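The structure appears right after this line, and notes come after that.
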Amino acid sequence: MHDAKILITGPTGQVAAPLALALARDNEVWGIARFTDHRARETLQQAGIRCETVNLAAGDFSALPADFDYVINLAVAKSGRWDKDLAANAESVGLLMAHCREAKALLHCSSAAVYDPPDDEPRTERSALGDNHKPMLPTYSISKIAGEVVARTMARALDLPTVIARLNVPYGDNGGWPFFHMEMMLAGTPIPVPPGGPARYNPIHEDDVIATVPKLLAAASVPATTVNWCGEQTVSLQEWCTFIGELVGREPEFVESDQALRGGPTDVTLMNELVGGTSVDWRDGIRRMVAAFHPELVRA
């Protein structure tokens, strides 16, 4: 992407920050958030990103211009409060789309957490939805489902090409779920896992997130396109924790818990048709992540 005016919500987040920095090299990038982390804001501004303080839950975008070419909605609220999280994850989607109705395309980042977890078969975009993350994040799955509904509705109402991408375990040099597992191992904290077999996912490295964004925007349509956004390799939580342990010289301790997430592998068929495959092998990506945070511990 070159010479485009792009709005990114939540640009200080784990997924959005590296994407915003990458896009800012060749585009005019604006970022909106509450910006409670002043150092994160300074990093973005030094890269040429225009940062504006906006509370998405309030839904007031009147201080922003409306002439963006592309909108990438990566903001997310996980407060556990229903009023706040529904406002930030769903209501604000419609209000933002109404403000940016002349955009060429909008990418709304959803999550594989919207899928119901009845078994360990990879979920296609037509699989049943449900309250997947209730044990860990009580408002998350339902508010993300609500956000998808709002995005689909507004795409039709505004004739705004939209793509809804269901992200599955993003990670990289800026962190992610495997990072937290690494820190738990280093602290000697047991890692909860569901009873039964391995908890499988399709983790996607930030390099592949960045590489696929232009193609996802190109796939935006009316009615909205919904697609899984994930790595091609299916990996269990137990596998990546064991690999991390080998790198840092710690053996993970797993503890079975009924409150642990069961896993959520996702089907890559439609993603491959729309944007192609991913390129970062999960072991290479994990090794890079570990080296970024703890270079002194990574074994050759």
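Suppose we keep only residues that are of a type in the set (D, E, K, R) and outside any loop (DSSP other than H, G, I, E, B) within segment 34-44. Which one would you say is surrounded by the fewest Cβ atoms within 10 Å (Cβ to Cβ)?
Applying the filter and picking the extreme gives ARG39.
Could you say which residue among GLU121, GLU102 is at pLDDT 95 or above and surrounded by fewer than 18 Cβ atoms within 10 Å (Cβ to Cβ)?
That would be GLU102, the only listed residue that is at pLDDT 95 or above and surrounded by fewer than 18 Cβ atoms within 10 Å (Cβ to Cβ).
With respect to GLU125, determine if the residue is under 19 Å from the mean Cα position of the chain (by Cα) and of a type in the set (Asp, Glu).
It is true that GLU125 is under 19 Å from the mean Cα position of the chain (by Cα) and of a type in the set (Asp, Glu).
Inspect segment 17-29 for any residue being farther than 20 Å from SER92 by Cα, modelled with pLDDT under 95 and either of a type outside the set (Phe, Trp, Tyr) or not in a helix (DSSP H, G or I) (or both) and give the result as yes or no.
There is no residue in segment 17-29 that is farther than 20 Å from SER92 by Cα, modelled with pLDDT under 95 and either of a type outside the set (Phe, Trp, Tyr) or not in a helix (DSSP H, G or I) (or both).
Those residues that are of a type outside the set (Val, Ile, Thr), at negative phi and out of contact with any Pro (no Cβ under 9 Å at 6 or more places or on another chain), I need them from segment 42-57; list them, please.
Once the filter is applied, which keeps residues that are of a type outside the set (Val, Ile, Thr), at negative phi and out of contact with any Pro (no Cβ under 9 Å at 6 or more places or on another chain), segment 42-57 yields GLU42, GLN45, GLN46, ALA47, ARG50, GLU52, ASN55, LEU56, ALA57.
Any chance you could count how many residues in segment 4-47 are closer than 21 Å to ASP67 by Cβ and among the aromatic types (Phe, Trp, Tyr)?
Residues that pass the stated criteria total 1.
Would you check if there is a residue in segment 184-195 being within 27 Å of ILE210 (Cα to Cα) and at pLDDT 95 or above?
Within segment 184-195 (the criterion being within 27 Å of ILE210 (Cα to Cα) and at pLDDT 95 or above), the answer is no, since none of the residues qualifies.
Determine whether LYS78 is at pLDDT below 95, out of contact with any Cys (no Cβ under 6 Å at 6 or more places or on another chain) and either within 22 Å of GLY175 (Cα to Cα) or among the small types (Gly, Ala, Ser) (or both).
It is true that LYS78 is at pLDDT below 95, out of contact with any Cys (no Cβ under 6 Å at 6 or more places or on another chain) and either within 22 Å of GLY175 (Cα to Cα) or among the small types (Gly, Ala, Ser) (or both).
Is there any pair linking a residue in segment 18-33 that is outside the structural domain of PHE68 (by TED's automatic domain parsing) and surrounded by 21 or more Cβ atoms within 10 Å (Cβ to Cβ) to one that is assigned to a helix (DSSP H, G or I) and among the β-branched types (Val, Ile, Thr), with Cβ under 6 Å and at least six apart or on different chains, and which?
Nothing qualifies.
Tell me, which residue of segment 77-86 that is under 15 Å from ILE145 (Cβ atoms) and surrounded by fewer than 23 Cβ atoms within 10 Å (Cβ to Cβ) is farthest from the chain's Cα centre (by Cα)?
The residue in question is TRP82.
Any residue in segment 185-203 that is of a type in the set (A, V, I, L, M, F, W, C), farther than 16 Å from GLU253 by Cα and in contact with a helix residue (DSSP H, G or I) (Cβ under 7 Å, 6 or more places away or on another chain)?
no
Which condition number in (1) touching a helix residue (DSSP H, G or I) at 6+ places or on another chain (Cβ under 8 Å); (2) free of Cβ contacts under 8 Å to residues at least 24 places away in the same chain is the one that LEU297 fails?
Unmet for LEU297, out of (1) touching a helix residue (DSSP H, G or I) at 6+ places or on another chain (Cβ under 8 Å); (2) free of Cβ contacts under 8 Å to residues at least 24 places away in the same chain: (2).
Inspect all residues belonging to segment 176-196 and state whether any of them is surrounded by fewer than 23 Cβ atoms within 10 Å (Cβ to Cβ), under 12 Å from the mean Cα position of the chain (by Cα) and at positive phi.
Scanning segment 176-196, I find at least one residue that is surrounded by fewer than 23 Cβ atoms within 10 Å (Cβ to Cβ), under 12 Å from the mean Cα position of the chain (by Cα) and at positive phi, so the answer is yes.
Condition check: farther than 27 Å from MET182 by Cα and assigned by TED's automatic domain parsing to the domain that holds TRP30. Does ARG166 satisfy that?
No; evaluated as a whole, the condition is false for this residue.
Out of (1) touching a strand residue (DSSP E or B) at 6+ places or on another chain (Cβ under 9 Å); (2) surrounded by fewer than 13 Cβ atoms within 10 Å (Cβ to Cβ); (3) without any contact (Cβ under 8 Å) to a residue 60 or more places away in the chain, what's the single condition that is false for ALA47?
Only one criterion is unmet by ALA47, namely (2).
The values are calculated or read from the model by the stated rules, or taken from the named source; none is laboratory data. Not measured: the values here are computed from a predicted model. All Cβ positions, glycine included, derive from the backbone under ideal geometry; neighbour counts span all protein chains shown.
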